[in-house]
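Just below is one structure, and these are the notes that go with it.
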Amino acid sequence: MPGMNDMTAGLGGAIAMQIVISLVVAGVISVAVIWFVRRSLFGRSRGKQEQINQLQTTGAKARAMITAVQPTGMIVNHIYLRSVVRFRLEPLDGSPPFDTEKTMMLAQTNMPQIGDLWPAWYEPTNPQQCAVAQVNALTTDQIPMFREFGIPHPLDRGEPAPPPPAT
């Protein structure tokens, strides 16, 4: 039965090919998931961090008031919830306020509230290019920055922050 051996060999080759394809697909998916989770949890890319540092050095300052928090449904490690956060940026120099949004990983145990104020920096020639100081936990080392932006800090027992300028 020479035909039977040929058919068995062909079937074995097809099964081996399916196994190889399955392993390759599983490997590609695993690498993509690991890359996304690593990037989401362990910080920004070097280029993004450099852009943020540049904005903090040369950008204009603003208070970013949270106007909406919309979870995307993605949860990482049963703790972090990927969310689209909308902000109303109020420039400290009295320029007109503007709206923007950022996608962020937020700890479910410390979700921001509508109306919370966070320090922000933006590029005056392109206001949508901005960085917001995400507040994950309140600490006393944040007090000087909050004072600089005129934002009250719950742990600040010194002088109250100045009120925001009238717009």
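The values are calculated or read from the model by the stated rules, or taken from the named source; none is laboratory data. Owing to the predicted nature of the structure, the values given are computational and were not obtained by experimental measurement. All Cβ positions, glycine included, derive from the backbone under ideal geometry; neighbour counts span all protein chains shown.
I'd like the full set of residues that are among the small types (Gly, Ala, Ser) and within 11 Å of the chain's Cα centre (by Cα), limited to segment 80-106.
If the condition is that a residue be among the small types (Gly, Ala, Ser) and within 11 Å of the chain's Cα centre (by Cα), then Ser83 is the only one that fits.
I'd like to check something: does segment 75-89 contain any residue that is over 15 Å from Met111 (Cα atoms), touching a Phe, Trp or Tyr at 6+ places or on another chain (Cβ under 8 Å) and part of a strand (DSSP E or B)?
Yes, segment 75-89 has at least one match.
Out of the residues in segment 129-140 that are modelled with pLDDT of 85 or more and of a type outside the set (Gly, Ala, Ser), state the one that is farthest from Met65 (Cα to Cα).
Of everything passing the filter in segment 129-140, Thr140 is farthest from Met65 (Cα to Cα).
Table: residues versus (1) in contact (Cβ under 8 Å) with a residue 60 or more places away in the chain; (2) assigned to a loop (DSSP other than H, G, I, E, B); (3) surrounded by fewer than 17 Cβ atoms within 10 Å (Cβ to Cβ).
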position: Gln54; (1), (2), (3): no, no, yes
position: Pro96; (1), (2), (3): yes, yes, yes
position: Thr100; (1), (2), (3): no, no, no
position: Pro119; (1), (2), (3): no, no, no
position: Ile143; (1), (2), (3): no, no, no
position: Gly150; (1), (2), (3): yes, yes, no
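May I ask you to list the residues in segment 28-52 that are exposed (fewer than 11 other Cβ atoms within 10 Å of the Cβ) and modelled with pLDDT of 75 or more?
Residues satisfying the conditions are Ile29, Arg46, Gly47.
Could you tell me whether segment 67-86 includes any residue that is in contact with a Pro (Cβ under 9 Å, 6 or more places away or on another chain), under 24 Å from Met145 (Cα atoms) and surrounded by fewer than 12 Cβ atoms within 10 Å (Cβ to Cβ)?
No, the conditions are met nowhere in segment 67-86.
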